[in-house]
1. Answer yes if at least one residue in segment 185-202 is touching a residue at least 12 places away in the same chain (Cβ under 8 Å), among the β-branched types (Val, Ile, Thr) and either under 17 Å from Asp254 (Cβ atoms) or in a helix (DSSP H, G or I) (or both), and no otherwise.
2. When you look at Gly197, is it open to solvent by 20 Å² or more (accessible area, probe 1.4 Å), at positive phi and out of contact with any Leu (no Cβ under 9 Å at 6 or more places or on another chain), yes or no?
3. Test Leu231 against the stated conditions and say whether it is within 19 Å of Met177 (Cβ to Cβ) and modelled with pLDDT of 90 or more.
4. Output yes when any residue across segment 10-17 is open to solvent by 20 Å² or more (accessible area, probe 1.4 Å), modelled with pLDDT of 90 or more and outside any helix (DSSP H, G or I), and no when none is.
5. Hey, can you tell me all the residues within segment 234-244 that are open to solvent by 20 Å² or more (accessible area, probe 1.4 Å) and in contact with a strand residue (DSSP E or B) (Cβ under 7 Å, 6 or more places away or on another chain)?
6. In segment 252-285, which residue that is of a type outside the set (D, E, K, R) and part of a loop (DSSP other than H, G, I, E, B) is nearest to Thr204 (Cα to Cα)?
Amino acid sequence: MKPATGKAPAEPALTEASALGLLRDAVQALDVAALLVAPGRKPHACNTAMTDLLGLPPEPFPAMTFDAFCQHVAGLTADPASTLRQLDLASESSRGLRLTLVLERPQPHRLRWVARPFPIPGGMAQMLTLADIGHTRPAREEWERQHRVDALTGLVSRRAGEERVLREIGRCRRDGMPFSVLLADLVGLGRINATRGFDAGDATLRDGARVAEALGVPGGFAVRWEGGAFLLALPGVDAARAEALRQKLRDTPDAPEVVSAAVTVEGEEDPQGTLARAQAALIRAKTEHRPLRLA
């Protein structure tokens, strides 16, 4: 008989399969609607709260891909195509992704979509939860609200932003105040999407949006203009101050690199003409690949 050594037997090393198995049991115990996504964007398990909320069969996974899951969720909203473009997992290097969406079917719900990445053996897994955050707005009102706000960045959308810029130019003209526009375009966004993936590109867009918002002035606002471009509306700001803000945007530490242009309303200029000048100045700056200001 061998003498006891006093050492506990070594625990088996945790593998991807065993980690997912433990997490699957945890997901089933949650009250909030939850989906466990394995490395490689592979849905692994969801709980009864999720299947009941979305009208899914009791065992939808692993037969359903994550893209198919997003298509199913988007199909329960008033605007499936627009909703589908924003539904995703978080970037693996981020702290998580949070979105708000409104379901009309099988029951009206206003939900918070939260995806959180975390490491397990074999790669990065994610926990996706859908939490009810209150009563829904009427479908038409919610549709209009979503089209006033860019889903990815949270900034004012292009359509709503352009209308608001034109109104603000008219108001400043009546009040005898200057009005400037700053356009900034992220450098290398296409390269980021191609080399690091669209999650990284989306994260860069959101970072750029936050930097643009931080430069705002009282009464001003930021607009997701197009692609990787943002517009900053600057009521009460003259050409000299607009140029200072443009320089500050360029020199902000750790901010995404941008090419930018600033213009100021001239006399009785048509507001659409101001926007056209800003766009033309940005195009020239991008061609030269250096910041430019056009008075």
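The values are calculated or read from the model by the stated rules, or taken from the named source; none is laboratory data. What you are looking at is a predicted structure, and each value in this text was computed from that prediction instead of being measured. Every residue, glycine as well, gets a Cβ built from its backbone with ideal geometry; the counts of neighbours run over all protein chains shown. Heavy atoms of the whole protein, side chains included, go into the accessibility calculation; ligands, DNA and RNA do not. Shrake-Rupley method; radii C 1.70, N 1.55, O 1.52, S 1.80 Å.
1. Among the residues of segment 185-202, at least one is touching a residue at least 12 places away in the same chain (Cβ under 8 Å), among the β-branched types (Val, Ile, Thr) and either under 17 Å from Asp254 (Cβ atoms) or in a helix (DSSP H, G or I) (or both), which makes the answer yes.
2. yes
3. So Leu231 passes the test.
4. Yes: segment 10-17 contains one or more residues that are open to solvent by 20 Å² or more (accessible area, probe 1.4 Å), modelled with pLDDT of 90 or more and outside any helix (DSSP H, G or I).
5. Of all residues in segment 234-244, those open to solvent by 20 Å² or more (accessible area, probe 1.4 Å) come to 236, 238-241, 243-244.
Those that are open to solvent by 20 Å² or more (accessible area, probe 1.4 Å) and in contact with a strand residue (DSSP E or B) (Cβ under 7 Å, 6 or more places away or on another chain): Asp238, Ala239, Glu243.
6. Once the filter is applied, the top-ranked residue is Pro256.
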